[in-house]
Amino acid sequence: MRRLLPALSLLLLTASCFGGAGPSPAGGGGRGLAAGVSAPAPVGVRAWSTSGLVDAGLDGSTRARVEAAGAEAGLCRAELAAARVTFSPVPDVVTGATCGLSGAGTLDVDLGTVARLRPAGPTMTCVTALAFSVWRRQSVEPAAREIFGQDVVEIVHMGTYACRSVSNRPGARPSAHSRAAAVDFAGVVLRDGRRVMVRDDWRAGDDEARFLRRIRDDACRIFGTVLSPDYDAPHHDHLHLEPGGRAFCR
């Protein structure tokens, strides 16, 4: 027995050196990370790299960049958040065979501008919100300051989401509005209270008409489909602004 004691002591000492049944590191069930080694990012979490699209001037690549960012829901929301545009996601919903919301949200306050939407908080797809935000900052507001010498305080629209066909024609294809993928722009209110409206001023031949036609032309560099009173009678009082698809500007 006396001869076994030294051998037993050596065995116990060896076991303690190579990690016996000690407590696990806090927060985990296995061996901890070595000092100076960072933990990996959580699975499924992606950090989006934004390009400052909302604040970038218009050029020949703007429409393609808007569509590319809008194709990734996370990147689209990140571009809006980076520009301090409030976009609040809403649940997906199906309201008919060709109608419903997918990846949509409400376009709320833009903290980078004084212009506010009326009615407030329209529901639209993220890419529509992104395209509209670019248009608001890079066309509508600069044009008003240049032509009228003052800010836009309200942007008036006629709606975004409606389960209907194009121009409400029986048998026509579903409208982009049936997916909240378009905005109908009616006009603006300037800081001095002046209203510049498509219905009243498109054919006026004055500064108001020049302003409206300029922002229509700029919209064609951002949206895929832009329809004005020059297109047909149903658009006599608004600009239809719809991102994506083959370019069509009238």
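The values are calculated or read from the model by the stated rules, or taken from the named source; none is laboratory data. Treat the numbers as computed from the prediction; the structure is a model and nothing was measured. Methodologically, a virtual Cβ is constructed for each residue, glycine included, from the backbone with ideal geometry; neighbour enumeration extends over all protein chains shown. The area values use the complete protein model at the heavy-atom level, side chains included, leaving out ligands, DNA and RNA. Shrake-Rupley method; radii C 1.70, N 1.55, O 1.52, S 1.80 Å.
Could you pull out the residue among Asp184, Asp237 that is within 30 Å of Gly96 (Cβ to Cβ) and in a strand (DSSP E or B)?
One residue alone meets the criteria, Asp184.
Going residue by residue through the range 124-144, is there one that turns out to be exposed (fewer than 15 other Cβ atoms within 10 Å of the Cβ), touching a Gly at 6+ places or on another chain (Cβ under 9 Å) and not aliphatic (A, V, I, L, M)?
no
Taking into account only those residues within the range 90-108 that are within 13 Å of the chain's Cα centre (by Cα) and without any contact (Cβ under 8 Å) to a residue 24 or more places away in the chain, which is surrounded by the most Cβ atoms within 10 Å (Cβ to Cβ)?
Of everything passing the filter in the range 90-108, Thr106 is surrounded by the most Cβ atoms within 10 Å (Cβ to Cβ).
Which one is farthest from Leu111 (Cα to Cα) among residues in the range 133-187 that are hydrophobic (A, V, I, L, M, F, W, C) and without any contact (Cβ under 8 Å) to a residue 40 or more places away in the chain?
Ala172
Looking at Ala120, Ala81, Ala68, can you tell me which residue is open to solvent by 40 Å² or more (accessible area, probe 1.4 Å) and touching a Phe, Trp or Tyr at 6+ places or on another chain (Cβ under 9 Å)?
Sole residue among the options that is open to solvent by 40 Å² or more (accessible area, probe 1.4 Å) and touching a Phe, Trp or Tyr at 6+ places or on another chain (Cβ under 9 Å): Ala81.
Any residue in the range 223-250 that is surrounded by 14 or more Cβ atoms within 10 Å (Cβ to Cβ) sitting within a Cβ distance under 7 Å of a residue that is hydroxyl-bearing (Ser, Thr, Tyr)? List the pairs, counting only those 6 or more apart or interchain.
Hits for this filter: Pro234/Ser167; His235/Ser228; Leu239/Ser228; His240/Thr225; Glu242/Thr225; Pro243/Thr128; Arg250/Ser228; Arg250/Tyr231.
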